[in-house]
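See below for the structure under consideration.
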Amino acid sequence: MRQKVNAEVSADEADIPAAARARGTGLRELKKRRRRDRIVAAATALILERGPDGVTVDAIAETAEVSRATFFRYFDSKEAAVVVGFYEDRLAALLTALAEQPADIDPRRAMAGAIRTLIGGFQQNPGLREFDLLQGRIVAASPSLRSCSLGFQDTYATALAESLAPRFGPLPATDLRPHYLAAHAVAVIRIAVDHWTASGGTADLPGLVESGLGWLEGSEGWAPA
């Protein structure tokens, strides 16, 4: 097992530019990121091939060329490797896009603008589209993965609400508008992606998203106090 782990680290290093190797923390983070991505890709491919019940953590670790212990440093279950690994990237991108929206615009429009940025980047990357479609098919076909997905979306909505709250100005604890807006945003993305996945990727995903964003932006009573 030690030889496999050492080989894994060497393979990571071989793909990293010399300039990156000179940066200590940056190099370690890049290696961790690539290892994590391999685990997600292996879990996704195996579960698609065999179904969730036919895949073990050991099989995922072997396919990703990591140890079992390494797997559990990144994920606590095979379901998390598929779902959390997928959603965390999208959440990070959405939070970044939200932070980049002008501070003086209505929170609804800031949220809608961030979602448009996320979907725009998705549309421009065919490889990402195919991977997202694969992930969507796997989650839709498995009750356990669907449950895990919905659970993580609660985390998604909480993180968005925390990021949105300052845009409303000082808020009393009873003012739940950031949470309502975040939940609406997550629902727009989830429902649009679910329909897009069910169509086999042929539906107009930006159009589906826009129909939800138009409703969000047209709502009343969201102006900052």
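The numbers here are math on the coordinates, done by the rules we state, and not lab data. From a predicted model like this one, the values you see are computed outputs, not experimental measurements. Note that each Cβ is placed from the backbone with ideal geometry, even for glycine, and that neighbours are counted across all protein chains shown.
Couplings for the range 102-108, taken from phi via the Karplus curve 6.51 cos²θ - 1.76 cosθ + 1.60 with θ = phi - 60°, read x, 6, 9, 9, 4, x, 4 Hz in order; Gly and Pro are left as x. Compute, for the range 132-225, the length of the dipole vector about the Cα centre, with Cβ point charges of +1 (Lys, Arg) and -1 (Asp, Glu) only. Units Debye, rounded to 20. So the magnitude is around 220 debye. All C-alpha pair distances within the range 40-127, sorted into 10 Å bins from zero, spread as 16, 34, 23, 19, 7, 0 percent across the bins.
Here is the list for the range 69-162: GluC sites (Glu not before Pro) lying in DSSP coil, each with at most 12 other C-beta atoms within 10 angstrom of its C-beta, are E100. Multiplying the residue separation of H179 and D204 by 0.36 nm and subtracting their alpha-carbon distance yields 6.2 nm.
Summarised in one figure, the compactness ratio Rg/Rh of the range 76-131, Cα atoms and Kirkwood Rh, is 1.08. Taking Lys and Arg as +1 and Asp and Glu as -1, the other residues whose beta-carbon sits under 12 Å from that of A165 total 0.
For the range 78-225, go through all pairs of different Cα atoms, get the mean of 1/r, take its inverse, and jot down that Kirkwood value in Å.
Numbers: mean 1/r = 0.0633 Å⁻¹.
The Cα-based Kirkwood calculation yields 15.8 Å.
Put a plus charge on the Cβ of each Lys and Arg, a minus charge on the Cβ of each Asp and Glu, and nothing anywhere else: the dipole of the range 117-174 about its Cα centre is then about 100 debye.
Under the 0.36 nm per residue contour assumption, what length would be gained going from the current alpha-carbon distance of R190 and T56 to full extension?
Values: separation 134, 0.36 × 134 = 48.24 nm, distance 2.76 nm.
This chain segment gains 45.5 nm when fully extended.
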